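Reading through the structure tokens given below for one structure.
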Amino acid sequence: MSPIMVWLSRQWRLISPGRGSLARAWDRAEAAVLATAVLAALAAVPVAGVVVSEVRAAETAVSRQQQAERREVEAVVLDVTPPSPDSDDGTATAVWRLPDGSDRTGTVPVGRGTGPGDRVPVWVDPAGEPAPAPLTAGNALTVALAAGFLAWLGVVVALGSLVALVRAGLDRLRLGAWEREWSELGSDKTRW
């Protein structure tokens with residue numbers, strides 16, 4: 001038997017109480033709930049794939065729009081505001097030239113060590129205002145994969161919570177039955 005089949009067989013024995021005299025109805029119910037939860041978690045994988053596909057399509061469209069609208073220009077630093085002690089990035093007043101030939105002045109992020117007269121790249125929107133760098137195709141894929149994983153993880157957490165609630169209820173039933181059986185055994189005056 002292959003190692004994967006041995007592993008699967010072992011996992012099945014762990015969740016399947018069998019038909020023996022020691023397996024009670026609630027043990028079988030618990031195994032059925034657990035098996036159903038595992039199958040539902042597996043069935044949620046294709047749903048997560050659909051989420052990845054939809055989010056990637058939406059984020060790719062945003063990426064294309066941002067890349068079409070935004071452009072990178074070179075700005076000349078005029079004055080630097082030093083970064084805070086816990087950060088490597090600060091801000092600076094800089095001037096940059098727009099495609100129409102006019103100059104624009106504004107506040108841009110700069111790294112530590114940047115001084116007046118240094119040239120820094122700045123992304124600008126169609127109005128010429130500083131903007132974040134456009135979303136790349138790789139970023140869009142990362143966002144989509146994260147969304148799909150979080151969707152699947154949400155389903156798994158919900159199923160795990162449901163299994164835990166069912167198990168807690170069944171444990172109460174088991175403990176009650178054991179208590180009754182111990183009481184009956186204690187009240188029996190016959191010896192073994």
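Just so you know, all these numbers are worked out from the coordinates, no wet-lab data involved. All values derive from a computational prediction rather than experimental measurement. Note that each Cβ is placed from the backbone with ideal geometry, even for glycine, and that neighbours are counted across all protein chains shown.
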Helix 25-69 versus the longest principal axis of the chain: what angle, 0 to 90°, nearest 10, using Cα atoms? 10 degrees
What's the FRET efficiency of Ser183 with Arg28 using the Cβ-Cβ distance as r and R₀ = 30 Å, to the nearest 0.05? 0.75
Once the dipole of the chain is set up from charges on Cβ (+1 Lys and Arg, -1 Asp and Glu), the residue from the list Thr142, Ala43, Gly128 lying farthest towards its positive end is Ala43
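Can you quote the Å³ per residue value for the convex hull of the Cα atoms in the chain, rounded to an integer?
Details: hull volume 47.7 nm³, N = 192.
Output value, Cα hull per residue: 248 Å³.
How compact is the stretch 104-192 by the rule of thumb for globular proteins, expressed as Cα Rg over 2.2 N^0.38 Å? Walk me through the numbers before you get to the answer.
Details: Rg = 32.7 Å, N = 89, 2.2 N^0.38 = 12.1 Å.
Normalised Rg, Cα atoms only: 2.70.
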Please compute the length gained on full extension between Trp123 and Glu69, using 0.36 nm multiplied by the number of residues separating them and subtracting their Cα-Cα distance. 18.4 nm
Relative to the longest principal axis of the chain, what angle (0 to 90°, nearest 10) does the C-alpha long axis of helix 3-15 take? 60 degrees
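Report the per residue volume, in Å³, of the convex hull enclosing the C-alpha atoms of the stretch 71-124. Working shown, then result.
On the way: hull volume 3.4 nm³, N = 54.
Cα-based convex hull of the stretch 71-124, divided per residue, equals 64 Å³.
Determine the dipole magnitude for the stretch 71-124: charges of +1 sit on the beta-carbon of Lys and Arg, -1 on that of Asp and Glu, nothing else is charged, the reference point is the Cα centre, and the result goes in debye to the nearest 20. List each step's numbers first, then the result.
Details: 5 positive and 9 negative charges, 28 e Å.
Using Cβ point charges on Lys, Arg, Asp and Glu, the stretch 71-124 gives about 140 debye.
Tell me, in nm to one decimal, what length is gained between Asp86 and Ala146 on full extension, where the rule is 0.36 nm per residue of separation less the Cα-Cα distance? Numbers along the way, then the final one.
Working: separation 60, 0.36 × 60 = 21.60 nm, distance 2.86 nm.
Going from the current span to full extension adds 18.7 nm.
For the stretch 71-124, what does the relative contact order come out to in percent, with C-alpha contacts under 8 Å and a separation of six or more?
Numbers: 112 pairs, mean separation 24.5, N = 54.
Over the stretch 71-124, the number comes to 45 percent.
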With no solvent and one equal point scatterer per Cα, compute the Debye intensity ratio I(q)/I(0) for the stretch 40-141 at 0.13, 0.16, 0.21, 0.23 Å⁻¹ and report its log10, rounded to two decimals. -0.61, -0.76, -1.01, -1.10
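What does the extension gain come out to for Leu39 and Arg97, with contour length at 0.36 nm per residue minus their alpha carbon separation?
Values: separation 58, 0.36 × 58 = 20.88 nm, distance 5.95 nm.
Here the segment from Leu39 to Arg97 would lengthen by 14.9 nm.
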For helix 137-187, what angle does its Cα long axis make with the longest principal axis of the chain, in degrees from 0 to 90 and rounded to 10? 20 degrees
